[in-house]
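One structure is given here, and the rest of the page talks about it.
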Amino acid sequence: MEEKFAKIISIIFQPLMMPLLTLLIVFNSNTFIAFSIADEMKTFIYFLFIAFTVVLPTMIFLWLIKRGIISSLEMPEASERKIPFLVSIILYFALYYLLRKLLLPEIVYVLLLGTILSIVICFFITLVWKISIHMIAVGGVIGSLFALSVRLGADFILPIYLVILLAGFVGYARLKLFAHTPAQVYSGFLVGTALMAGILFWV
């Protein structure tokens, strides 16, 4: 039962979903970002995010599985993650290019560039060590919200607490499934949080 719960957590809160979660929180916050973008535009942006960060990557990864390039969507071996990382980087740059035409608040682009830079850094880490991508992704949400709360003077306390709780469940799931060691889980969380917070503070 616990293993089944862990699998469900790992699937629902997979890394591909975390940028969309960040966007949902920011677009529904009490900030100028949420107020300066019309609801119709938000819906269109959600559509683009879902297409380029969830649907297209998933379709390509399933094709890679069919070709035998990766064994599963979990990509248990670090060596399997090289091509999926490159695919993600290309799709995120394509998304950035399309969003640039919409003249959104600059912080939206900073968030996206931060995510791209995080993926690039994680790509190089994965070349030498199997760090937890799940924890990097959920840590990135926390780092983003923390940095935005400081930069925008916004109240993201409740979302931060909720995502920290989510991180606990995700970390438990990865350990329960023996997908990672404790060091890979904890370091993934710290790297993801520090990367996004640092990028948003610096840019």
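Tabulated data
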quantity: Pairs, first more than 16 Å from R100 (Cβ to Cβ) in segment 29-46, second exposed (fewer than 13 other Cβ atoms within 10 Å of the Cβ) and not charged (D, E, K, R), C-beta under 8 Å, six or more apart; calculated: A34/N28
quantity: Of all residues in segment 80-105 being free of Cβ contacts under 8 Å to residues at least 12 places away in the same chain and touching a helix residue (DSSP H, G or I) at 6+ places or on another chain (Cβ under 9 Å), the one that is farthest from I11 (Cα to Cα); calculated: R100
quantity: Those residues of segment 71-109 which are aliphatic (A, V, I, L, M), under 22 Å from V138 (Cβ atoms) and at pLDDT below 90, in sequence order; calculated: L73, M75, A78, I107, V108
quantity: Filter result for A6 (within 20 Å of V138 (Cβ to Cβ), touching a Lys or Arg at 6+ places or on another chain (Cβ under 8 Å), crowded, with 19+ Cβ neighbours inside 10 Å and touching a residue at least 24 places away in the same chain (Cβ under 8 Å)); calculated: yes
quantity: Of all residues making up segment 2-30, the number that are outside any helix (DSSP H, G or I) and not hydroxyl-bearing (S, T, Y); calculated: 4
quantity: Contacts under 8 angstrom Cβ, first residue in segment 175-191 being over 14 Å from I142 (Cα atoms), partner assigned to a helix (DSSP H, G or I) and β-branched (V, I, T), 6 or more apart; calculated: L175/V185
quantity: Top-ranked residue in segment 41-86 [being hydroxyl-bearing (S, T, Y) and outside any helix (DSSP H, G or I); ranked as surrounded by the most Cβ atoms within 10 Å (Cβ to Cβ)]; calculated: S71
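Yes or no, residue by residue, for (1) of a type in the set (D, E, K, R); (2) at pLDDT below 90; (3) within 23 Å of I33 (Cα to Cα):
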position	(1), (2), (3)
K130	yes, yes, no
G153	no, yes, yes
I160	no, no, yes
V163	no, no, yes
A173	no, no, no
H180	no, yes, no
Y186	no, no, no
L200	no, yes, yes
V203	no, yes, yes
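The values are calculated or read from the model by the stated rules, or taken from the named source; none is laboratory data. Just so it is clear, the model here is predicted, and its values are computed rather than measured. Please note: Cβ atoms are built from the backbone with ideal geometry, for glycine as well, and neighbour counts cover all protein chains shown.
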